[in-house]
1. Within the stretch 16-45, can you find the residues that are assigned to a strand (DSSP E or B) and not basic (Lys, Arg)?
2. From the list GLY128, GLY170, which residue is over 22 Å from ALA20 (Cβ atoms), among the small types (Gly, Ala, Ser) and in contact with a His (Cβ under 8 Å, 6 or more places away or on another chain)?
3. Restricting the search to the stretch 72-97, which residues are in contact (Cβ under 8 Å) with a residue 24 or more places away in the chain and either surrounded by fewer than 18 Cβ atoms within 10 Å (Cβ to Cβ) or among the small types (Gly, Ala, Ser) (or both)?
4. For the stretch 127-134, indicate whether the set of residues that are modelled with pLDDT of 95 or more and out of contact with any strand residue (DSSP E or B) (no Cβ under 9 Å at 6 or more places or on another chain) is non-empty.
5. Collect the residues in the stretch 120-143 that are outside any helix (DSSP H, G or I) and surrounded by 17 or more Cβ atoms within 10 Å (Cβ to Cβ), keeping them in residue-number order.
6. Would you be able to say whether some residue in the stretch 49-65 is of a type in the set (A, V, I, L, M, F, W, C), under 28 Å from LYS169 (Cβ atoms), touching a strand residue (DSSP E or B) at 6+ places or on another chain (Cβ under 7 Å) and free of Cβ contacts under 8 Å to residues at least 40 places away in the same chain?
7. Being over 15 Å from the mean Cα position of the chain (by Cα) and crowded, with 18+ Cβ neighbours inside 10 Å is the filter here, so list the residues in the stretch 54-63 that pass it.
8. Within the stretch 90-112, can one find any residue that is part of a loop (DSSP other than H, G, I, E, B) and within 23 Å of THR14 (Cβ to Cβ)?
Amino acid sequence: MKISGARILVPGATGAIGSALAEQLHQQGARIAIAGRDAAALTRLADTCSGAPSRRFDAYDLDSCAGTVTWAHEALGGLDAVVVCVGVAGFGRVDAVGDAIAEHLITVNALAPMAFLRAALPLMPRGGVVAAVTGVVVDLAPVGMADYTASKAALALWLTCVRREQRRKGVHVLDLRLDHVESGFADRAVIGSPPSLPRGQTVQEAANAIMEALKSEK
């Protein structure tokens, strides 16, 4: 897609990857709306992006996620893309994680991105793009990360099905399956500590990869 002039919503824009992506989109001429949980970070990012419209949401409130899409559509006068960078990490063997944490991971990592994109799909023009970050864990299925991996895998498979559904309409559906990123994300896990991991890509490299994925969709 052509970035310059595109109207793009970035949920999760207060995270490291979402923030870097929002700044790149703005620098390359996109008209962006940003959404996240951290009000202070949203204010700083909006200032950096020439007063981009911003809104707080709670990923655990799926109505809040869907409502943010409606808000962005009105604020920008339409939407050409929604790129969801929402997520939370969690580590530990299944007998130590517990049902409450498992539900939290599934809600934030799968149901919330689904809610954003489900609300966005009826608003997308032909050639529009909906995308969400999953991760290489979907392919690796590492020990000690079953519930986290399951939440990301659920989103990845959902995106695959939606891609097939949207083919006739001409809407592009992207699974942004990033490699491990040195963003501090794993250190903010809701449970457990991350396993020993090889050095990952930088936040800027991850944002660059997302930009290239967006630009590749014609």
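1. To start, the set of residues in the stretch 16-45 that are assigned to a strand (DSSP E or B) comprises 31-36.
Passing the criteria: ILE32, ALA33, ILE34, ALA35, GLY36.
2. Values: GLY170 fails: in contact with a His (Cβ under 8 Å, 6 or more places away or on another chain).
None of the other options fit; the residue is GLY128.
3. Looking only at the stretch 72-97, we keep the residues that are in contact (Cβ under 8 Å) with a residue 24 or more places away in the chain, and these are 72-73, 75-94, 96-97.
Hits for the stretch 72-97 are ALA72, ALA75, GLY77, GLY78, ALA81, GLY87, ALA89, GLY90, GLY92, ARG93, VAL94, ALA96.
4. First, the residues of the stretch 127-134 that are modelled with pLDDT of 95 or more: 127-134.
Checking the rest, the ones that are also out of contact with any strand residue (DSSP E or B) (no Cβ under 9 Å at 6 or more places or on another chain) come to none.
Checking the stretch 127-134: not a single residue is modelled with pLDDT of 95 or more and out of contact with any strand residue (DSSP E or B) (no Cβ under 9 Å at 6 or more places or on another chain).
5. Filtering the stretch 120-143 down to residues outside any helix (DSSP H, G or I) leaves 124-136, 141-143.
Hits for the stretch 120-143 are MET124, GLY128, VAL129, VAL130, ALA131, ALA132, VAL133, THR134, GLY135.
6. yes
7. Correct list: SER54, ARG55.
8. Residues of the stretch 90-112 that are part of a loop (DSSP other than H, G, I, E, B), as a first pass: 90-93, 98.
Now restrict to residues that are within 23 Å of THR14 (Cβ to Cβ): 90-91.
Taking every residue of the stretch 90-112 in turn, at least one turns out to be part of a loop (DSSP other than H, G, I, E, B) and within 23 Å of THR14 (Cβ to Cβ).
The values are calculated or read from the model by the stated rules, or taken from the named source; none is laboratory data. The structure displayed is predicted, hence computed values, not measured ones. Cβ sites come from the backbone with ideal geometry, for glycine too, and all protein chains shown count toward neighbours.
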